[in-house]
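Asker: First the structure, then my questions, so here it is.
The values are calculated or read from the model by the stated rules, or taken from the named source; none is laboratory data. Computed from a predicted structure; not experimentally measured. Cβ atoms come from the backbone with ideal geometry, glycine included; neighbour counts cover every protein chain shown. Heavy atoms of the whole protein, side chains included, go into the accessibility calculation; ligands, DNA and RNA do not. Shrake-Rupley method; radii C 1.70, N 1.55, O 1.52, S 1.80 Å.
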Amino acid sequence: MNNLSHSAKWLFLSISLTKSKLIKLYNHFESTYNIFEATREDYEKLSFLQIKDIDALCKKDFTQALHYEIICKKNDIHIITRENELFPKKIMKITNFPSVIFCKGNIQNLNEKKCISVVGSRTPSSYGKDATFSLSSYLAGCGFCVVSGMADGIDSIAHKAAIDSGGFTVAVLGCGPDIIYPKENMYIYEQILKRGMIISEYLPGTTPQKYYFPERNKIIASLSLGTVVTEANKKSGSLITAEYALKYERDVFALPGNINSSLSGGTNELIKKGAHMVIRCEDIYNFYKSYFENNDFSNIAPPLKKQISCEGLTDNEKIILKNLETEEMNMDMLLYKTGLSMSHLSTSLLLLELKDIIKKTDTDTYSLVIY
């Protein structure tokens, strides 16, 4: 028993007990040493422990714990427990917080970081993509740690923007820290390992499950000073993150969007309910300006709307760009919205593609090129 590592003991406890029971057990005994020195009679006095829990604590079978400890060492996964100074104290706001987290990449003390979560739709419009990229780049450049969930869409763009601007980013996963989900995000995952940090409460090898993601969202919300929802419909999972942020007494920000776009329904509703409205990147920096002492980054804040020069463009090209500013559109939608003939529309779209101003997506829709 004395030869076992601190990590192995915590792995054993986290495997043997639910999160809530482990919190109660630790709070009662106040240290892992006291937990393992306790007798069956000591455990039986605790009403929240069932017979199977007591049997496991008395048997002290560390086989699984040692197995996962070896896996973590082989895969450069750090095991951080609630007794470790690197454990993010902010996640203790969660009712049933994980007492053990697994981390990969550039491991840093998040207790010393000013974190902002950026979340939103998995299928954002051109406006949502551009706004997220501009905002995340600026926040990372100001010194914020950009936190998100490495999902498709807004999450991935937020991570990429933070990395490209030389900042630090944290991805919280709804699966094991060694699992890339979705698989298409392998490049982003690898870049985060170099310039950021991967966090998960799940054991290595754990595949993503639908009910893991709300738990993931709790960590995203609790880690940060505030959560920014850049674009989301009314049923978006990112709104759950915003709800958790409010529950944990964090700030919630939202970007206003086109009232005719379903992708803006969630963010506009958040603003209606009292979320802080963000029009420029500097709005968030100014909100937390006191955290940065005398630093002033307001002069580098770009607008959240992409600024495209219309110099040299035809009237037809300008009409197309105006319609693509807020959302992606297919050919039929553009024909209806612009009022152009098929021949004029097709010619203008081709020219805009050649100028690298718009692009055609895999779903045969057109969108602005943002990066």
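Asker: Relative contact order for segment 147-299: what is it in percent, counting Cα pairs under 8 Å that are at least 6 residues apart?
Answerer: Details: 257 pairs, mean separation 25.0, N = 153.
Over segment 147-299, the number comes to 16 percent.
Asker: Hey, another quick one. Segment 190-233: which chymotrypsin sites (Phe, Trp or Tyr not before Pro) are DSSP loop and have at most 10 other beta-carbon atoms within 10 angstrom?
Answerer: Working: sites: 202, 211, 212; in loops: 202, 211.
In loop regions of segment 190-233 (DSSP not H, G, I, E or B), the sparsely surrounded chymotrypsin sites (Phe, Trp or Tyr not before Pro) are 211.
Asker: Of the residues 123, 39, 230, which exhibits the maximal mean-square fluctuation in a Gaussian network model of the chain defined by a 10 Å Cα contact cut-off?
Answerer: Top of the fluctuation ranking is 39.
Asker: Here is a follow-up. Give the angle, between 0 and 90 degrees and rounded to the nearest 10, that separates the Cα long axis of helix 186-195 from the longest principal axis of the Cα atoms of the chain.
Answerer: 70
Asker: Using only the alpha-carbon atoms, how far is helix 212-223 inclined from the longest principal axis of the chain? Give it as 0 to 90 degrees, nearest 10.
Answerer: Taking the Cα atoms of the chain, the angle to 212-223 is about 90 degrees.
Asker: For the chain, what relative contact order do you get, as a whole percent, if you take Cα pairs closer than 8 Å and at least 6 residues apart? Mind showing how you got there, number by number?
Answerer: Numbers: 666 pairs, mean separation 50.2, N = 371.
Taking the mean separation of contacting Cα pairs over the length of the chain, I get 14 percent.
Asker: Moving on. If ligands, DNA and RNA are left out, what is the accessible area of residue 346 with a 1.4 Å probe, given in Å² to the nearest 10?
Answerer: Near enough 50 Å² of accessible area.
Asker: Hey, another quick one. Is there a quick way to get the dipole size of segment 166-261? I mean about its Cα centre, with the Cβ of Lys and Arg at +1 and of Asp and Glu at -1; what is the value in debye to the nearest 20? Kindly include the intermediate steps, with their values, before the conclusion.
Answerer: On the way: 10 positive and 9 negative charges, 24 e Å.
The calculated dipole for segment 166-261 is roughly 120 debye.
Asker: So what are the ³J(HN,Hα) numbers for segment 129-143, from phi and the Karplus equation (6.51, -1.76, 1.60; θ = phi - 60°), rounded to whole Hz, Gly and Pro as x?
Answerer: 5, 5, 5, 5, 5, 4, 5, 5, 4, 5, 4, 5, x, 7, x
Asker: With every protein chain present, what is the per residue accessible area of segment 3-64 (1.4 Å probe, Å²)? Write down the numbers at each step before the final one.
Answerer: On the way: 3480 Å² over 62 residues.
For segment 3-64, the per-residue accessible area is 56 Å².
Asker: Taking the chain as the reference, fit the longest principal axis to its C-alpha atoms, fit the long axis of helix 63-74 to the helix C-alpha atoms, and give the angle between the two in degrees, 0 to 90, nearest 10.
Answerer: For helix 63-74, the angle is close to 40 degrees.
Asker: Once percent of Cα pairs over 40 Å apart is worked out from the coordinates, which option in [x] 41; [y] 24; [z] 10 does it equal?
Answerer: [y]
Asker: Explain nothing, just the number: dipole magnitude of segment 1-100 about its Cα centre with +1 on each Lys and Arg Cβ and -1 on each Asp and Glu Cβ, in debye rounded to the nearest 20. It would help to have the intermediate numbers written out before the result.
Answerer: Values: 15 positive and 12 negative charges, 77 e Å.
Roughly 360 debye, rounded to the nearest 20.
Asker: Taking GluC sites (Glu not before Pro) that fall in a DSSP loop and have at most 10 other Cβ atoms within 10 Å as cut points, what is the longest piece of the chain between them? If you can, show how the numbers build up before the last one.
Answerer: Details: sites that count: 30, 85, 249, 293, 311.
That would be 86-248.
Asker: Moving on to the next point. How much accessible surface does residue 122 have with a 1.4 Å probe, in Å² rounded to 10?
Answerer: 130
Asker: Calculate for the chain the 222 nm mean residue ellipticity that helices alone would give, adding -39,500 (n - 2.57) per DSSP H run of length 4 or more and normalising by residue count, nearest 500 deg cm²/dmol. Numbers along the way, then the final one.
Answerer: Working: 16 runs with 159 residues, N = 371.
After summing the helix terms and dividing by residue count, I get -12500 deg cm²/dmol.
Asker: When only C-alpha pairs under 8 Å and at least 6 residues apart count, what is the relative contact order of segment 1-137, in percent?
Answerer: 26
Asker: Which order do the peptides 96-108, 144-156 come out in when sorted by mean C-beta neighbours inside 10 angstrom, highest first?
Answerer: Values: 96-108: 20.2, 144-156: 25.2.
Peptide ranking by packing, descending: 144-156, 96-108.
Asker: How large a share of the accessible area of the chain, in percent, is made up of carbon and sulfur atoms when the probe is 1.4 Å and the other protein chains stay in place? Don't jump to the answer; show the numbers that get you there.
Answerer: On the way: 8720 of 17680 Å².
C and S fraction of accessible area: 49 percent.
Asker: Within segment 194-256, report the trypsin sites (Lys or Arg not before Pro) that DSSP leaves as loop and that have at most 15 other Cβ atoms within 10 Å. Working shown, then result.
Answerer: On the way: sites: 194, 195, 210, 216, 218, 234, 235, 247, 250; in loops: 210, 234, 235, 250.
Sites meeting the loop and neighbour criteria: 210, 234, 235.
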